[in-house]
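A quick write-up on the structure given underneath.
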Amino acid sequence: MDVRPYIGRFAPSPSGHLHFGSLIAAVASYCDAKSNQGTWLVRIENLDPPREVKGSADDILRTLEGFGLFWDNAVQYQSQRHHLYDSALQKLKASGMTFGCACSRKDLASVGGLDFYPGTCRNGIPHEKEGKSVRFQVSKSNIENIKWNDLVQGNQNVLKSSLGDFILRRSDGYYAYHLAVVVDDADQGVTNIVRGADLMDSSPRHLLLQEALNLGSPLYAHIPLAYNIMKDKLSKLTNASPIQIEDAPNQIQDALKFLGQLDVEIDLPEKMLSQAIDQWDVSKIPKSSRTHWT
Ligand SMILES: [Zn+2]
């Protein structure tokens, strides 16, 4: 029986303002942590400096505060944690679970290998080329069926063979999201991950890395996504409107409704959240993603 104290987290990337889609992930992870007397951490996932929008990390933190979403401990920034990703990568290399890859996006696209790596460099890089990225060799994992019980989406079972060898370090030298997130969650002692269902596809890769690095796996709860009327996920890419602190009470009420929770009275954000924590029931969160007006 796992008796580790609950540690949850919210991990936005600083590529723009918070929008309703990110608010539901923040509210869900916060309420789930606090209703379990847990710790709630915030980690800024700024692995990709060229895509980082200047001032966005601070804007996100001010918005969270304005919504009464106060985090525990110091905010962590992935840009300051490269040494951890590097030592994890060295460990995987040492156990023979990685290989260098020289394929460009163009190379992969030309063989229809963008979604599933065709294995081109698995047994060595073609002579005239240089291995610039590093991939995880999925077939080397001890796990065949990747299983987990998602606290919202139910039992999951993914065949290892359905996953292509994925990137751990990109050709530009930056660490890939899959490696960083697994290393960070383990390093911060995260026990419960509540995040958007768009990351369901990533979880099998995270479970493989956790096993390969001997890290243990947290519990997962993938919450439904909010779509705009065009059926696009609300995100910075689809120009979702930023949430405004002045509108926090209404937005919090909407977020809780979206998450299938009981209504809370309009009040100060902190008071609304405290009521939401008392009433929080993860089993009421609907599985399906759906449209939300913003
Ligand atoms: Zn390759």
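Some values worked out for this structure:
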| read-out | value |
| --- | --- |
| Segments 59-72, 17-30 sorted - mean Cβ within 10 Å per residue, highest first | 17-30, 59-72 |
| Accessible surface of the chain, 1.4 Å probe, proportion on carbon and sulfur as whole % | 50 percent |
| Angle between the chain longest axis and helix 269-279 axis [Cα atoms, degrees, rounded to 10] | 80 degrees |
| Of all DSSP beta bridges in the chain, antiparallel share, percent nearest 5 | 55 percent |
| Residue-normalised accessible area of the chain, expressed per residue, 1.4 Å probe, Å² | 49 Å² |
| 222 nm mean residue ellipticity, helices alone, for the chain (DSSP H n ≥ 4; -39,500 (n - 2.57); rounded to 500) | -9000 deg cm²/dmol |
| Values of log10 I(q)/I(0), in the order q = 0.09, 0.15, 0.16 Å⁻¹, for segment 140-294 under a Debye, Cα-only, solvent-free model | -0.38, -0.97, -1.06 |
| Calculated SAXS-style log₁₀ I(q)/I(0) at q = 0.11, 0.13, 0.15, 0.17 Å⁻¹ - the chain, Debye, Cα scatterers | -0.69, -0.95, -1.23, -1.49 |
| Relative contact order of the chain, defined on C-alpha pairs under 8 angstrom at six or more residues apart (%) | 23 percent |
| Calculated P(r) tail over 23 Å for segment 9-118, as whole % of Cα pairs | 50 percent |
| Against the rule of thumb 2.2 N^0.38 Å, how large the Cα Rg of segment 96-216 comes out | 1.11 |
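The values are calculated or read from the model by the stated rules, or taken from the named source; none is laboratory data. Everything numeric in this text was worked out from a predicted model, so none of it was measured. Note that we place each Cβ from the backbone using ideal geometry, even for glycine, and neighbour counts take in every protein chain shown. Each accessible area value is taken on the protein alone, full model and side chains, heavy atoms only, with ligands, DNA and RNA left out. Shrake-Rupley method; radii C 1.70, N 1.55, O 1.52, S 1.80 Å.
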